[in-house]
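Data first, discussion second: the structure below is written as structure tokens.
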Amino acid sequence: MLPLQLHQVLNLLLLLFLGSTTAFLYLECFTILALFLFTLLFEHLLIYFKTKRLDYFSFSSLATAMGVMLMMVTPQWWIYMVVIGAGLLQKHWIASHGIHFFNPSNFAIVIALLFFYQDAHIVLGQLGDQFWLSLVVVVIGIVILWRANRWLIPIVFVAVYLLFQYLWVVAYDPVLVMEEVTHRFYSVSFIVFILFMLTDPRTTPEALWKQAAFALLIALGASLLDRWVGFRVQHLFLSLFLFSLWVPLAVSGQDTLERKALLIKTVGFTLMAIAVIIVIEMQPPYYFDMNG
């Protein structure tokens, strides 16, 4: 059986191929290959500097790069490199016993929003909205989620996200209708976000009840931001950015002293994450029109 990380990479590669040949993908093939090469070189340099040896191939770095490519667009190719590099850096240096505080792809996208807000945009329409492609994503997603034992997260997230959006956003906004919320689910990229980015085994808990709580918090955070600030797609990524950093503490089995140090670190990261979210939310909303 394929290693889980390789399985994930092959799934995303398939989606990139199908998106570029049958739907729409912002990046050209040459740029994608160049970003893959940069990602592999940078990742393995980080591994070597950290461990002083190279004894494994990092498939997960390619998944990080593809997550950014599928969710974000920018006309500046170097911005992709900067934010992918940031996602890989934090993966190696901001972790606790192999559990990441931040999803690498999501961290990269938030960094793009923080430093390149005018040039880098989240776009959930890159892979189009064709039903057959959505079905392919769901099928391959179900297979890998079953292998990784993360199948509960998307189920809970979808249910509570729709509920919270209806109760706290649509009911309070006279110009917003529920169809605008459900329309996101026609986007293939949005399904990829739910099935692949939300369920990263390194940034999600193992216990089922903790997975359910994790999914509920992501949906809660995104819906509250929509309620307070306005209906924006970036709120899904900002909510994941904020709540994923509590996963290491939730799954920690360390002794009291180490757990106290982890709590202090988590609170510090939380304060920084809130500051980042505030800075991003102070920016005016953008409306990105993409036809392909």
* Asked: What is the P(r) of segment 79-160, as percent of Cα-Cα pairs per 5 Å bin from 0?
  -> 3, 12, 14, 16, 20, 20, 13, 3, 0
* Structure fact -> Output for segment 150-292 (equivalent-ellipsoid semi-axes, sqrt of 5λ from the C-alpha gyration tensor, Å, descending) is 29, 18, 14
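Carbon and sulfur: what percent of segment 44-126's accessible surface (1.4 Å probe)?
On the way: 2150 of 3220 Å².
So the carbon and sulfur contribution to the accessible surface is 67 percent.
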* Structure fact -> Once Met1, Met72 are ranked on solvent-accessible area with the largest value leading and a 1.4 Å probe, the list reads Met1, Met72
* What residues qualify as long-range amide H neighbours of Ile94, i.e. H under 5 Å apart, gap of 5 or more or another chain, H built at 1.01 Å from N? -> none
* Placing +1 at every Lys and Arg Cβ and -1 at every Asp and Glu Cβ, with all other atoms neutral, what dipole size does segment 143-230 have around its Cα centre, in debye to the nearest 20? -> 340 debye
* How large is ³J(HN,Hα), in whole Hz, for each residue of segment 18-28 in order, when computed from phi with the Karplus curve 6.51 cos²θ - 1.76 cosθ + 1.60 and θ = phi - 60°, using x for Gly and Pro? -> 5, x, 6, 9, 10, 10, 8, 9, 5, 8, 7
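Ranked from highest to lowest mean number of other Cβ atoms within 10 Å per residue, what is the order of the peptides 201-210, 237-246, 120-129?
Per-residue Cβ counts within 10 Å, averaged per peptide and sorted highest first, yield 237-246, 120-129, 201-210.
Compute the Kirkwood hydrodynamic radius of segment 207-255, taking the inverse of the mean of 1/r over all pairs of distinct Cα atoms, and give it in Å to one decimal. Before the final figure, lay out the partial values.
Numbers: mean 1/r = 0.0868 Å⁻¹.
The Cα-based Kirkwood calculation yields 11.5 Å.
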* How big is the Rg/Rh ratio for segment 1-75, C-alpha atoms only, Rh by Kirkwood, two decimals? -> 1.01
* Asked: Computed from these coordinates, which is Kirkwood radius over Cα pairs in Å: (i) 22.2; (ii) 21.6; (iii) 19.5?
  -> (iii)
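Express the relative contact order of segment 154-278 as a whole percentage, based on alpha carbon pairs under 8 Å and six or more residues apart in sequence.
Working: 98 pairs, mean separation 32.9, N = 125.
Relative contact order, segment 154-278: 26 percent.
Give the peptides 21-32, 3-14 in descending order of average Cβ contacts within 10 Å, highest first. If you can, show how the numbers build up before the last one.
Working: 21-32: 14.6, 3-14: 16.8.
Order by mean packing, descending: 3-14, 21-32.
Decide, for segment 74-229, between rounded, prolate and oblate: order the square roots of the alpha carbon gyration tensor eigenvalues as a ≥ b ≥ c, take rounded if a/c falls under 1.5, and otherwise choose prolate if a/b is larger than b/c, else oblate.
Numbers: a/c = 1.39, a/b = 1.13, b/c = 1.23.
Verdict is rounded for segment 74-229.
Would you please put 139-149, 216-226 in order of how densely packed they are, using the mean number of other Cβ atoms within 10 angstrom per residue and starting with the highest? Intermediate results must be reported in sequence, preceding the final value.
Working: 139-149: 15.4, 216-226: 21.1.
Ranked from most to least packed, the peptides come out as 216-226, 139-149.
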* To do: Could you work out the relative contact order of the chain, using alpha carbon pairs under 8 angstrom and six or more residues apart, expressed as a whole percent?
  => 20 percent
* How large is the dipole of the chain about the Cα centre if only Lys and Arg carry +1 and Asp and Glu carry -1, each at its Cβ, rounded to the nearest 20 debye? -> 840 debye
* Asked: In deg cm²/dmol and to the nearest 500, what is the mean residue ellipticity at 222 nm of the chain if only DSSP H runs of at least 4 residues count, each as -39500 (n - 2.57), divided by the residue total?
  -> -21000 deg cm²/dmol
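The values are calculated or read from the model by the stated rules, or taken from the named source; none is laboratory data. Note that the structure is a prediction, hence the values are computed from the model and not measured. Virtual Cβ from ideal backbone geometry, glycine too; neighbours counted across all protein chains shown. We work out accessible area using only protein heavy atoms, side chains counted, and drop any ligands, DNA or RNA first. Shrake-Rupley method; radii C 1.70, N 1.55, O 1.52, S 1.80 Å.
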